[in-house]
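Any read-out appearing in this document is the output of simple, stated calculations on the displayed coordinates, not a laboratory observation. Small disclaimer: the values here were computed from a predicted structure and weren't measured. Every residue, glycine as well, gets a Cβ built from its backbone with ideal geometry; the counts of neighbours run over all protein chains shown.
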Amino acid sequence: MHIEQCGGGPDLVLLHGWSMHSGVWHELAARLSERFTLHLVDLPGHGQSDWHKQAFELDNLLPALADKLPQKAVWLGWSLGGLLSLAFAQHYPARVSKLSLMAATPRFVRDKDWPCAMQSEVFENFAVSLDVDQKQTLQRFLMLQAKGADKSRATIRELSERLAWQHSPDSEALHAGLDCLLQLDMREALAALNCPVQMLLGTRDTLIPAEMPDYARQLNPALQVVLLDGLGHAPFIAQAAQCQQQIEQFIDG
């Protein structure tokens, strides 16, 4: 697994979202690296990380991350990366000092007792269309992430440029990532965490319903929620400085 290290100071691990790679953090990483030692992870089959079958299964993925990352660090996970960060914190609680969840939720799919999520058909349709036209499917997902938000065109352009960096993600890795979004339920993990937890959420995020933080606070009353006005599912692209400020305030607090 490829992990780039840069900057200096306390350790900060960054996990990207579905279909992307660590290069997506470009501007935010440049800002945060002035104060922190960043560990920029390429998840299996993404960016410069090779793909191996079953690499996204938690029994394989979490030990692989634990083997290569600091013994203790702040973790920042975006979308799917947030879900996986919760899983890591659940399995290795002593290794996560603070956890910042960017445009992430403990469960992305709606359930009878979790109505504040997407219908499973959204992700299932992406899985089907991947086998038909992967490039077009990824472009549709980028548009969905930026839809209705401030600076949506600039966000789509930036995400498209980052997605094209080096090479496209492995098809099997994309399916495995979608399976995580469909199946993983980290509500118990969020409820059990003892470390400080922050949620950074755009008010125009089309993948996470606005009422989700209310349900999340029932699981973890100490949860710190920051609503980023006018931003969508990739807030750090449209407003890197604002996200930097909120992350640093959380870490310093």
- Item | Candidates L207, L38, L219: whichever shows maximal mean-square fluctuation once the chain is modelled as a Gaussian network with Cα springs under 10 Å | L219
- Can you list the HN-Hα couplings for the range 219-230, worked out from phi with the Karplus curve (6.51, -1.76, 1.60; θ = phi - 60°), rounded to whole Hz and with x for Gly and Pro? 7, 9, x, 7, 4, 9, 10, 10, 9, 9, 5, x
- Query: Rounded if a/c is under 1.5, else prolate if a/b is larger than b/c, else oblate: which is the range 43-139, with a ≥ b ≥ c the root eigenvalues of its Cα gyration tensor?
  - Reply: oblate
- Item | Cα-based shape type of the range 213-253, given that a ≥ b ≥ c are square roots of the gyration tensor eigenvalues and the cut on a/c is 1.5 | oblate
- Item | Among R187, R110, R95, residue whose mean-square fluctuation peaks in a GNM of the chain (springs only between Cα atoms under 10 Å) | R110
- Counted neighbours (other Cβ, 10 Å), sorted fewest up, put K112, K98, K68 in the order K112, K68, K98
- Query: Can you give the extra length, in nm with one decimal, that the chain gains between S160 and H2 once fully stretched, where that is 0.36 nm per residue apart less the Cα-Cα distance?
  - Reply: 54.8 nm
- How much of the DSSP beta bridge set in the chain is antiparallel, as a percent to the nearest 5? 20 percent
- Nearest 20 debye, what's the magnitude of the dipole of the range 56-109 about its Cα centre given +1 on Lys and Arg Cβ and -1 on Asp and Glu Cβ? 240 debye
- Message: Please check: in the Gaussian network model of the chain (C-alpha springs, under 10 Å), which one of D179, D113, D67 has the largest mean-square fluctuation.
- Response: D113
- Query: Which is farthest toward the positive dipole end of the range 3-252 among L62, L84, V132, measuring Cα position about the Cα centre, with Cβ charges +1 (Lys, Arg) and -1 (Asp, Glu)?
  - Reply: L84
- Task: Give the relative contact order (percent, whole number) for the range 3-252; include only Cα pairs under 8 Å separated by 6+ residues.
- Result: 23 percent
- Just how large is the dipole of the chain about the Cα centre, in debye to the nearest 20, putting +1 at every Lys and Arg Cβ and -1 at every Asp and Glu Cβ? 460 debye
- Going through the range 174-253, which GluC sites (Glu not before Pro) have at most 12 other Cβ atoms within 10 Å and a DSSP loop state? E211
- Which of rounded, prolate, oblate describes the range 3-252, given a ≥ b ≥ c as roots of the alpha-carbon gyration tensor eigenvalues and a/c under 1.5 marking rounded, otherwise prolate only if a/b is larger than b/c? rounded
- Message: What FRET efficiency comes out for A210 versus D185 if R0 is 30 angstrom and r is the Cβ-Cβ distance? Round to the nearest 0.05.
- Response: 0.90
